[in-house]
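As structure tokens, the structure follows; a few thoughts come after it.
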């Protein structure tokens, strides 16, 4: 345990969306920490709030429609108020998104966009040399700098986006579904590239994905989110080997295409349902194990004994081992 | 339990022969989206067509559904050609084949209620009024949208993605088709919803013997679900055969790359993960709670925060 | 709870204060057109007074013209003409343009090409000159004016409709109903057109404004019937006396301005109501 403060620390974060007169909490009481050089993954399906969380961290929430209504964010130990989150962009946090085409300016060549990032976040650097360096780091030929985004393939665009992010020399790279829009064969390449780059530069990585397999190969630690809340957190290896939360187990069964004795896939019944505020555990209505207490009261974080860094938000796990 | 072999009198339901289709791009250049493709689907069979983006699989799906005339070749449904025939005749014979598309939000006319949408699709045109309504309700229940009556007046955009896909399946089976052509039906769905939809498709196969032409980019799904697999690359079928054979011992280099890219849950270094379930039944059924790790029972301690 | 797209749009419209203001004004015009003339019939405003060219005052309200006729009365009678011409012209242009645009967009190929070239021919004609020529040749008349305006306005509607039909026809639900064996004509009119018509409706209100302006312009040049009261005629009339009797020109001018503005703004509100920006997206 180092004495350094985590690169990014989030405590009890709540992000609410306003829809007409209703407010919906897309993120509800999430706490996590990312240390220097750590690879952390957030796993969740649609409606889990994982993308909202990512955007909240760098101040990219749609103004007027959504805001952080509770909780603190600290960068390197220093608290960051909501209005100052944009300052984290660049030297502290850089982000790579799912659909590179929408995040690249169609009117500027790749080289110019990377140069822009360097100029803005790395003042004093020799721009042309640095752009070449970055293109090499993402394994693109130097000639790529004069190409426009629409002339590049999906995988190449994602590499350009990565180069732009690296141009900031960030401490933390946040990748939100970076390979979801890519072909299976390209996905492997991009993920391998991210792994290599993050490792060699000693950057921390926050990888957000609905794909457990992706997260399991890329991250040391994993947080599982469901409807805005954390349900399980811990070392990736342990979580995938022995998941404690019923939702995590369900996700793993689905990812492994697990079948039952009738040849049917083992599924989590029902679906997430409409995004309304509900008392109790958000997973209770779909859980085979749910008790009255589950429906009434949202479970806090419990840790799994012997593994202080493995936590579960579930009443039922505790009950099972009632001494 | 292995994928059940197709029953009843075998024979081709869909025959795609020598189909090619070119498109002219804006620059003037011609792109061959589909090149000389031949594919057959037999009664009760599930054929998976696997390809990545740009392979031409969606174009082939449209051609197969009778929606896009090919430049060369023909498509026959139950022995009847779909192209080059009178429009009225096409309208009559095509109903034996129904589509299920990806959940894109455009799969349904946004101005129609669930009831209206299914009423359009019901095979028996003589049904009216309350009898029609109860038939629609039973259709909904068959795809596990329960209680069916509660869904009648809803609009498709009010349903979740998983529910919408079930509705798409309900629309497809309302015609009692012999063949369902599913174009990436799982791509928009969450991981936890995919299993539900696949189970539904499996149940329908068991109960009605419907054949599937299942188009996907995910070769792992093909393996779990199909009897035969055809791999498409740049407009051509590069490999074609029995599902387990193609995936266990792919002959074509592109197929090999696809199979290799199947990401399992095996991490890079540390823990030992349970082997990926191959086929159906090669491994024992997993325990419902998925725990395979260290046996030591853990005690729990409540912590204040993390 | 089922909320159709139509009623959601209606909710949005009702929430927009501008829609209330412009819509209210239009409603006021309709009321004036309906009962205004009969209300004025027995008042002093209807009689030709002896005050020739007198300015706005407590007795003459908005003033009188060179024959002693009240400007207010003529304005009120003119509302009917403007609304009638505006709405009729816009309705015919919209109907015709929708049909042509839908057929062009749906059929594609040669039919699309031919129809759109015809539309272009009408579109490039100088509006006012064509109107003037037709009316000059065929003689003045309210309905002639309606026909002229409709002929000139339908291409815009056709173009918008065609664009929407092109967009909608490639959506998956159209393919799905085709596979169900629906006939092509049924697909176009009952599946595609209702989903394509929203921008056309918004455009329709703009066409009303254009029609009113064109009618006024024709009137200004004396190309409409002198026996039907019209704001354009007032403007025509007012030219000669613009120095001594500014009210003959200014009040009709203001009326035209307000009316066209109201229709345009209302059209904007309808457009916004039918096409909301998705501000609320929970991740």
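Does at least one position in region B:100-112 carry a residue that is assigned to a strand (DSSP E or B), in contact with a helix residue (DSSP H, G or I) (Cβ under 6 Å, 6 or more places away or on another chain), modelled with pLDDT of 90 or more and closer than 30 Å to residue B:163 by Cβ?
Yes, region B:100-112 has at least one match.
What are the residues in region A:188-201 that are crowded, with 21+ Cβ neighbours inside 10 Å and modelled with pLDDT under 90, if any?
Correct list: empty.
Provide a single number: the residues in region B:71-92 that are under 22 Å from the mean Cα position of the chain (by Cα) and either under 26 Å from residue B:217 (Cβ atoms) or not assigned by TED's automatic domain parsing to the domain that holds residue B:32 (or both).
3
Take region A:11-49 and flag every residue that is more than 10 Å from every other protein chain (Cβ to nearest Cβ), assigned to a strand (DSSP E or B) and within 19 Å of residue A:173 (Cβ to Cβ).
A:34, A:39, A:40, A:41, A:42
When residues of region B:203-219 are filtered for being within 14 Å of chain A (Cβ to nearest Cβ) and surrounded by fewer than 21 Cβ atoms within 10 Å (Cβ to Cβ), how many remain?
The number of residues fulfilling the criteria is 7.
Please pick out the residue among C:209, C:222, C:253 that is in a loop (DSSP other than H, G, I, E, B) and either at pLDDT 85 or above or away from every other protein chain (no Cβ under 14 Å) (or both).
Every option except C:222 fails the conditions.
So residue B:200 fits all but one of (1) at pLDDT below 90; (2) under 30 Å from residue A:49 (Cα atoms); (3) touching a helix residue (DSSP H, G or I) at 6+ places or on another chain (Cβ under 8 Å); what number is the exception?
(1)
Among the numbered criteria (1) under 23 Å from the mean Cα position of the chain (by Cα); (2) facing chain C (nearest Cβ under 9 Å), which single criterion is violated by residue B:143?
(2)
Any idea which residue in region B:81-99 is farthest from residue B:186 (Cα to Cα), counting only those that are assigned to a strand (DSSP E or B) and within 10 Å of chain C (Cβ to nearest Cβ)?
Across region B:81-99, the extreme among qualifying residues is B:97.
What are the residues in region C:129-142 that are at pLDDT 75 or above and in contact with a helix residue (DSSP H, G or I) (Cβ under 8 Å, 6 or more places away or on another chain), if any?
Of everything in region C:129-142, those that are at pLDDT 75 or above and in contact with a helix residue (DSSP H, G or I) (Cβ under 8 Å, 6 or more places away or on another chain) turn out to be C:130, C:132, C:134, C:138.
What tally of residues in region B:100-109 results from selecting those that are more than 7 Å from every other protein chain (Cβ to nearest Cβ) and under 13 Å from the mean Cα position of the chain (by Cα)?
Going through region B:100-109 one residue at a time, the tally reaches 3.
Yes or no: residue B:179 buried (at least 22 other Cβ atoms within 10 Å of the Cβ) and within 21 Å of the chain's Cα centre (by Cα)?
yes
So that you can scan it fast, the table gives a plain yes or no per residue for (1) surrounded by 20 or more Cβ atoms within 10 Å (Cβ to Cβ); (2) touching a strand residue (DSSP E or B) at 6+ places or on another chain (Cβ under 6 Å):
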position: A:147; (1), (2): no, no
position: A:157; (1), (2): yes, no
position: A:160; (1), (2): yes, no
position: A:179; (1), (2): yes, no
position: A:208; (1), (2): yes, yes
position: A:226; (1), (2): yes, no
position: A:229; (1), (2): yes, yes
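Considering only region A:273-308, state which residues are closer than 27 Å to residue A:15 by Cα, in contact (Cβ under 8 Å) with a residue 40 or more places away in the chain and facing chain B (nearest Cβ under 7 Å).
Passing the criteria: only A:301.
Take the residues in region B:121-140 that are surrounded by 15 or more Cβ atoms within 10 Å (Cβ to Cβ) and part of a helix (DSSP H, G or I), then tell me which one is nearest to the other protein chains (Cβ to nearest Cβ).
My answer is B:121.
One line per residue, one yes/no per condition, for (1) touching a residue at least 24 places away in the same chain (Cβ under 8 Å); (2) touching a strand residue (DSSP E or B) at 6+ places or on another chain (Cβ under 7 Å):
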| residue | (1), (2) |
| --- | --- |
| B:144 | yes, no |
| B:149 | no, no |
| B:170 | yes, no |
| B:173 | yes, no |
| B:181 | yes, yes |
| B:190 | yes, no |
| B:206 | yes, no |
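For residues that are touching a helix residue (DSSP H, G or I) at 6+ places or on another chain (Cβ under 6 Å) and outside any helix (DSSP H, G or I), scanning just region A:92-104, find the one that is farthest from residue A:153 (Cα to Cα).
A:94
From the set of residues in region A:59-79 that are away from every other protein chain (no Cβ under 14 Å) and part of a loop (DSSP other than H, G, I, E, B), which is modelled with the lowest pLDDT?
Only one residue tops the list, namely A:59.
Please work out which residue is nearest to the other protein chains (Cβ to nearest Cβ), limiting yourself to region B:45-80 and to residues that are in contact with a helix residue (DSSP H, G or I) (Cβ under 9 Å, 6 or more places away or on another chain) and without any contact (Cβ under 8 Å) to a residue 60 or more places away in the chain.
Step by step, filter region B:45-80, then rank; the result is B:67.
Taking residue A:256, is it more than 9 Å from every other protein chain (Cβ to nearest Cβ) and within 21 Å of residue A:210 (Cα to Cα)?
no
Do we have residue B:28 as within 27 Å of residue B:210 (Cβ to Cβ) and in a loop (DSSP other than H, G, I, E, B) here?
Taking the combined requirement at face value, the residue does not satisfy it.
Might you check whether a residue that is modelled with pLDDT under 90, within 19 Å of the chain's Cα centre (by Cα) and either within 30 Å of residue A:6 (Cβ to Cβ) or surrounded by 15 or more Cβ atoms within 10 Å (Cβ to Cβ) (or both) occurs anywhere in region A:112-126?
Looking through region A:112-126, none of the residues is modelled with pLDDT under 90, within 19 Å of the chain's Cα centre (by Cα) and either within 30 Å of residue A:6 (Cβ to Cβ) or surrounded by 15 or more Cβ atoms within 10 Å (Cβ to Cβ) (or both).
Do we find a residue being within 20 Å of residue C:230 (Cα to Cα) and crowded, with 16+ Cβ neighbours inside 10 Å anywhere in region C:149-160?
So far as region C:149-160 goes, yes, one or more of its residues are within 20 Å of residue C:230 (Cα to Cα) and crowded, with 16+ Cβ neighbours inside 10 Å.
The values are calculated or read from the model by the stated rules, or taken from the named source; none is laboratory data. Since the model is a prediction, treat every value here as computed from it, not as a measurement. Note that we place each Cβ from the backbone using ideal geometry, even for glycine, and neighbour counts take in every protein chain shown.
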